[in-house]
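Take a look at the structure set out below.
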């Protein structure tokens, strides 16, 4: 048995010496299987931090093992066929939490999109049906409920959307809303929903509403879906909205909407840089990327975590999940 002692450890919002953390918290020492019958302690170069989480993916549209190889230890799947999602959660080595199907108005987004796998949408016909739909998702093991509010198509009436939220909260399930178009952020907020699946990008959200959202909602970033590295008006609007939300104390989660366009199946350095443009420091971004609840394993930065804002995105993009497939050499 070999015990790897990291050079540095990210814990409690700071980068600490692995030796110092060993005395205060044994979790700083990473255990690895070895053929040796004796127990050895070897120095591990670089930095160890909690497993990185992408809080917006669609696992039916991507290769999860490739994503794990790219440094992501855990995902939130925010919309897909329930049977597929439950299977992914069982068979994959990475932590998978999922919302189950998109809950939509009859004929609503995204049921009209060609990319949607069969079984990905659940139409809600009434407040009573909302409760039944939440129970179905809960039975499939959902950790969230995902609802769509898309201004260019049918939307759930306010009382039905509120019924979804109430039923989910009764099951202690957070509600994530895809809010796209005028009035949709307000609809999500007024319903009592907990998270937005995307930073709003179609218009500059009213400042009073941004402040209200910051008081009790979480926004998932997904900034890089606007242009995939090419500046666009939507990206500028989204970063501006997120900058205000963050400045008012709002909680942000790193998420990429992976499966939506040419995004890297890995830690997305462009998304990380965009979060920096919105005013977040590297320590803030790490908080947005990690769970800190022990469920997502550990991440290893072989060359060490660089907290310089100019170098941080490049540094975190070298992340590897510290698991059976990673065999760090203490001589490296």
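The values are calculated or read from the model by the stated rules, or taken from the named source; none is laboratory data. If you're wondering where the values come from, they're calculated on a predicted model, not measured in any experiment. Every residue, glycine as well, gets a Cβ built from its backbone with ideal geometry; the counts of neighbours run over all protein chains shown.
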Open item on the list: Need the failing condition index for residue 245 against (1) outside any loop (DSSP other than H, G, I, E, B); (2) surrounded by fewer than 20 Cβ atoms within 10 Å (Cβ to Cβ), just the number.
Closed with: (2)
Open item on the list: So for segment 24-45 (the condition being touching a helix residue (DSSP H, G or I) at 6+ places or on another chain (Cβ under 9 Å), at pLDDT 85 or above and surrounded by 14 or more Cβ atoms within 10 Å (Cβ to Cβ)), does at least one residue qualify?
Closed with: no
Open item on the list: Exactly one of these conditions fails for residue 193: (1) surrounded by 24 or more Cβ atoms within 10 Å (Cβ to Cβ); (2) farther than 25 Å from residue 278 by Cα. Give me its number.
Closed with: (2)
Open item on the list: Within segment 267-274, does at least one residue satisfy the condition of being over 16 Å from the mean Cα position of the chain (by Cα), closer than 22 Å to residue 14 by Cβ and in a loop (DSSP other than H, G, I, E, B)?
Closed with: no
- [ ] Go through the residues of segment 143-152 one by one and say whether even a single one is assigned by TED's automatic domain parsing to the domain that holds residue 84, more than 21 Å from residue 77 (Cβ to Cβ) and out of contact with any strand residue (DSSP E or B) (no Cβ under 9 Å at 6 or more places or on another chain).
- [x] no
Open item on the list: Scan segment 80-96 and tell me whether some residue there is buried (at least 19 other Cβ atoms within 10 Å of the Cβ), in the same structural domain as residue 275 (by TED's automatic domain parsing) and under 15 Å from the mean Cα position of the chain (by Cα).
Closed with: yes
TODO: Taking only segment 166-188 into account, find how many residues are crowded, with 19+ Cβ neighbours inside 10 Å and either over 20 Å from the mean Cα position of the chain (by Cα) or at positive phi (or both).
DONE: 3
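Grab the strands (runs of 3 or more DSSP E) fully contained in segment 108-197, keeping just those with 1 or more residues being touching a residue at least 60 places away in the same chain (Cβ under 8 Å).
145-150, 175-180
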- [ ] Considering each residue of segment 275-299, count those that are within 15 Å of the chain's Cα centre (by Cα), in a loop (DSSP other than H, G, I, E, B) and free of Cβ contacts under 8 Å to residues at least 40 places away in the same chain, and give that number.
- [x] 1
Open item on the list: Just to be sure I understand, how many residues within segment 206-232 are buried (at least 24 other Cβ atoms within 10 Å of the Cβ) and in a loop (DSSP other than H, G, I, E, B)?
Closed with: 2
- [ ] Tell me which of these residue 94 doesn't satisfy, since it passes every other one: (1) within 20 Å of residue 219 (Cα to Cα); (2) touching a helix residue (DSSP H, G or I) at 6+ places or on another chain (Cβ under 6 Å); (3) in contact (Cβ under 8 Å) with a residue 60 or more places away in the chain.
- [x] (1)
